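Report on the structure given below.
What follows is calculated from the coordinates using simple rules that are stated; it is not laboratory data. If you're wondering where the values come from, they're calculated on a predicted model, not measured in any experiment. Here the Cβ is made from the backbone with ideal geometry for all residues, glycine too, and neighbour counts use every protein chain on show.
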Amino acid sequence: MTGVWIDSTHADDVRRARLYGGDLYISSASRAGRALIEHARAMIEEAFAPHDPETAQYHMAVGDYAALLGRLKPAFIHHPRCKELLRAVIEEHGADPEKTYFDVPKLRSSTSDGYLTTGIALAFPPHRDTWYSAPQAQINFWTPVYDITADNGMSFWPGYIDKPVANNSGTYNYYQWNKTRANTAAMIGDANTRIAPGATEPLPKEDLRFVTGCGGFTIFAAAQLHASLANTSGKTRFSIDFRVVNVDDLVAGLGAPNVDVKCTGTALRDFMRATDQARLPEDLIRRYDSGEVGDGVLVYEPAG
Ligand SMILES: [Fe+2]
């Protein structure tokens, strides 16, 4: 049985334990959540002007559209204001910023009706983030930037939290991905140029979808099986997500059960403490690392 907790008052350690067990948490728009959305909208609307960002796909050549996203997304992801807002969101959700480490927030887009579904705007197949080298203790926060419908948000299959799913995560090494990701912006033509682990067995048609408000968050374990829906709403969906880990859980070895992860490497070096952006201790990271670096890159540093 999966619990879906709406505006829960659980303490953060109780919430983390339930998330690792497969529960989901939904929160209504908070002050900092709204501020994050306003910041994102201002950047998106400036980039797409004079078009409405939700319908710009009908007025732009696909190459120009991909190039625009290739500029907009890194500008948002690395904007210093985002780090302040993430800390505020974490605190509003009752997590201790001294113990909580986050990764930079990702701005995602999902165009309607297959206009742009690869490279910079890849529609991710059903997956766990732990198939992409996320630690078992990672927790994800997700919010839409503009109102969503049941057709353009996300799908969840919570029953699989402790049930293995056939997948091709064995093809994924985080450090090899870091090596190639700088070129992602240019990838618009070939879906195979971006390695995206996914389920290789059919999943039940019945999925779980939450139609949530902008600036409110869907909070779920990185091990939760989920997908972005193939968007048929007629509008481009923009969303923000970020990941957190609690350092005490990493030290104690807590997290969601690992039932089918085959990827190598770890994304833990990307995480920063919410208070001062300090990195996690390397000896702690090494406990979670397969050690297979090869000619890969440990930490991706974006150019410019
Ligand atoms: Fe994901």
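Data overview
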{"item": "For Asn167, residues with placed amide H under 5 Å, excluding near neighbours", "result": "Thr200"}
{"item": "Cα-Cα over 32 Å, subset of Lys73/Lys99; Lys235/Lys262; Lys163/Lys235", "result": "Lys235/Lys262; Lys163/Lys235"}
{"item": "Qualifying GluC sites (Glu not before Pro) in region 194-295, DSSP loop, other Cβ atoms within 10 Å at most 15", "result": "Glu206, Glu292"}
{"item": "Positive-end extreme of charge dipole, the chain - chosen from Val165, Tyr300, Ser233 (charges on Cβ)", "result": "Tyr300"}
{"item": "Which of Met60, Ala88, Pro126, positive extreme of dipole for region 4-286 (C-beta unit charges)", "result": "Met60"}
{"item": "Net charge dipole size for region 147-304 [Lys, Arg +1 and Asp, Glu -1 on Cβ; Debye, nearest 20]", "result": "240"}
{"item": "Residue-averaged 222 nm ellipticity for the chain, from DSSP H runs of 4+ at -39500 (n - 2.57), nearest 500", "result": "-7500 deg cm²/dmol"}
{"item": "Formal net charge of residues neighbouring Lys235 (Cβ-Cβ distance under 13 Å; K, R +1; D, E -1)", "result": "-4"}
{"item": "Charged-residue dipole, Cβ positions (Lys, Arg, Asp, Glu), the chain about Cα centre, Debye nearest 20", "result": "220"}
{"item": "Whole-Å distance, taken between Cα centres, linking region 218-294 and region 35-52", "result": "27"}
{"item": "Length-normalised contact order of the chain in % [C-alpha pairs under 8 Å, at least 6 apart]", "result": "30"}
{"item": "Likely footprinting exposure, Ile240, Ile26, fewest C-beta neighbours within 10 Å first", "result": "Ile26, Ile240"}
